[in-house]
1. Is there a residue in the range 364-381 that is among the β-branched types (V, I, T) and within 21 Å of L430 (Cβ to Cβ)?
2. Tell me, which residue of the range 148-168 that is out of contact with any Lys or Arg (no Cβ under 6 Å at 6 or more places or on another chain) and outside any helix (DSSP H, G or I) is farthest from Y45 (Cα to Cα)?
3. Going by what's in this entry, would Y158 be described as buried (at least 17 other Cβ atoms within 10 Å of the Cβ) and under 30 Å from E98 (Cβ atoms)?
4. What are the pairs with Cβ atoms under 8 angstrom where one residue, in the range 442-468, is closer than 18 Å to K408 by Cα and outside any loop (DSSP other than H, G, I, E, B) and the other, located anywhere, is open to solvent by 80 Å² or more (accessible area, probe 1.4 Å) and among the β-branched types (V, I, T)? Sequence gap at least six, or different chains.
5. Can you tell me how many residues within the range 322-377 are part of a loop (DSSP other than H, G, I, E, B) and touching a Gly at 6+ places or on another chain (Cβ under 7 Å)?
6. Going through K102, K118 one at a time, which residue ends up being of a type outside the set (G, A, S) and either farther than 26 Å from L36 by Cα or touching a strand residue (DSSP E or B) at 6+ places or on another chain (Cβ under 7 Å) (or both)?
7. Determine the pairs where a residue that is closer than 11 Å to P258 by Cβ, located within the range 275-290, has a partner that is at pLDDT 85 or above and assigned to a helix (DSSP H, G or I) with Cβ atoms under 7 Å apart, the partner being 6 or more residues away or on another chain.
Amino acid sequence: MSHSLYTKFILGYLLFGLLGFITIATFSSEITNQYLLKRYSENLYDEANQIASSYSGMYHGKDMNVTASYPELVKLAGYLNAQIWIVERQGTIMADSESKGKKGETIENFDPVAFGNKHYTTGNYYNEFTYDVLSVHAPITGNYTTYGYVVIHLPLSYLQIERDNILNIVYITAAVVFGLSLVILLVFTKNVYLPLKKITAGANEYAQGNLTYHIGVNTRDEMGYLAGTLNYMSNELNKMEEYQKNFIANVSHDFRSPLTSIKGYLEAILDGTIPPEMHEKYLNRVISETERLNKLTQGMLTLNSLDSKGYLNRTNFDINRIIKDTAASFEGTCNEKNITFDLTFSDNIQMVYADLGKIQQVLYNLIDNAIKFSHHDSTVLIQASGKYEKIFISIKDTGIGIPKESIKKIWERFYKTDSSRGKDKKGTGLGLAIVREIIQSHGENIDVVSTEGVGSEFIFSLPRATNL
């Protein structure tokens, strides 16, 4: 049978209280008893010595005259709540503070020397009492001779009563402390157990796939932080799940269109719908659709590699030269639309510290888009300028522009504006997503300024090379 953490805590708390009480009761009783025994024995011994001193001068020959001081003896015994004896050296009781005491009796086997250095003893004192007493004795001496002893007896029951009174205070204090410690239990319940229970319930909901569940713990402590982290995690997982659904839908859509075309063209060729003299034309279309699929696959692989860490291979290189070389690779495409480049650099050489291959891919995608969406007989402006520790690259066209409602969405994977679908039927919607991933992986930013029907300008930054 398993027990919850809270149950274990409660059991531990109760066990701690019980063991604590038993320990306090055991040790406190013994310690208090020893303390009272020591204190009373010392006090009684001092009184016995004082009485013995007063009796030392009251002897004649070998006899002691105790009659004169007897009233004082009775008063002192009453004050001490004790019984006082004046005992002759052979053990005969010469005086007893109690009126019906043991005066005249002889204590059998009386031998004070047997006590040794110990000035007190406990018990029934040579069987003279039917109950236990604390007994102290002090010798009555004169001229180096011991004439008798002052013996004071205090019932141990008196010490036990005082001990119990002291222990009652200790027990009440312990009970109050134990009761106050319930505050710790209440604080634990409120700040740890209940939030932990909510967090556990939330974790179970997440495990069952309910990623919209919100854990209602808003405290400003570790539990609140943990709940906030789990809520954030569920949010991100929910977004990822939505993204995966959209990703699959977009991939399915973008793959289905070319595959349907390829299948249709090939079936038409096989069943003779397309005459032999038209085969070459439609086979070229099949190749074109295949290239589109290949481009889509390559784009997805590129994004997958960008999602992994440590893929950048940074070096120092001249960004101006890379821009010129990349722009030159579009010579054939530019000639078809009679598009020219206007390259503007602030310096002849501008060194940056980045991944050369990835930056070439960024430039290629942005220049390709600029040409693709530019009108015939237009100019694409490319500028590179340095400011502080950054190099800023701008690629600007005078084409169809981007609708205002689409500007924030163009960075999403597989997203295409309505105008781009008409202009670029073979586009995958991955180009700008790849561009942003590359720039952000360098710790830099990319932005776009666009007006529909006027053109677009993409601006991104790269870190300037150091230690040249």
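1. The initial filter retains those residues of the range 364-381 that are among the β-branched types (V, I, T), namely 367, 371, 379-380.
With within 21 Å of L430 (Cβ to Cβ) added as a condition, the list becomes 367, 371.
Yes; the residues of the range 364-381 include at least one that is among the β-branched types (V, I, T) and within 21 Å of L430 (Cβ to Cβ).
2. Of all residues in the range 148-168, those out of contact with any Lys or Arg (no Cβ under 6 Å at 6 or more places or on another chain) come to 149-168.
Still in the running and outside any helix (DSSP H, G or I): 149-155.
Working: Y149: 12, V150: 10, V151: 9, I152: 8, H153: 11, L154: 11, P155: 15 Å.
Ranking the candidates gives P155 first.
3. No: the conditions fail for Y158.
4. Listed pairs, sorted by first residue: S456/V449; E457/V449; I459/V449.
5. Within the range 322-377, residues that are part of a loop (DSSP other than H, G, I, E, B) and touching a Gly at 6+ places or on another chain (Cβ under 7 Å) number 6.
6. Unique residue meeting the criteria: K102.
7. V286/L266
Residues checked against (1) free of Cβ contacts under 8 Å to residues at least 24 places away in the same chain; (2) aliphatic (A, V, I, L, M); (3) open to solvent by less than 40 Å² (accessible area, probe 1.4 Å); (4) farther than 20 Å from K8 by Cβ:
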residue: L182; (1), (2), (3), (4): yes, yes, no, no
residue: T189; (1), (2), (3), (4): no, no, yes, no
residue: Y193; (1), (2), (3), (4): no, no, no, no
residue: G202; (1), (2), (3), (4): no, no, yes, yes
residue: E205; (1), (2), (3), (4): yes, no, no, yes
residue: G209; (1), (2), (3), (4): yes, no, no, yes
residue: I215; (1), (2), (3), (4): yes, yes, yes, yes
residue: E236; (1), (2), (3), (4): yes, no, no, yes
residue: E242; (1), (2), (3), (4): yes, no, no, yes
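The values are calculated or read from the model by the stated rules, or taken from the named source; none is laboratory data. Not measured: the values here are computed from a predicted model. FYI the Cβ positions are ideal-geometry reconstructions off the backbone, even for glycines, and counts take in every protein chain you see. Areas reflect the complete protein model, heavy atoms only, side chains present, ligands, DNA and RNA absent. Shrake-Rupley method; radii C 1.70, N 1.55, O 1.52, S 1.80 Å.
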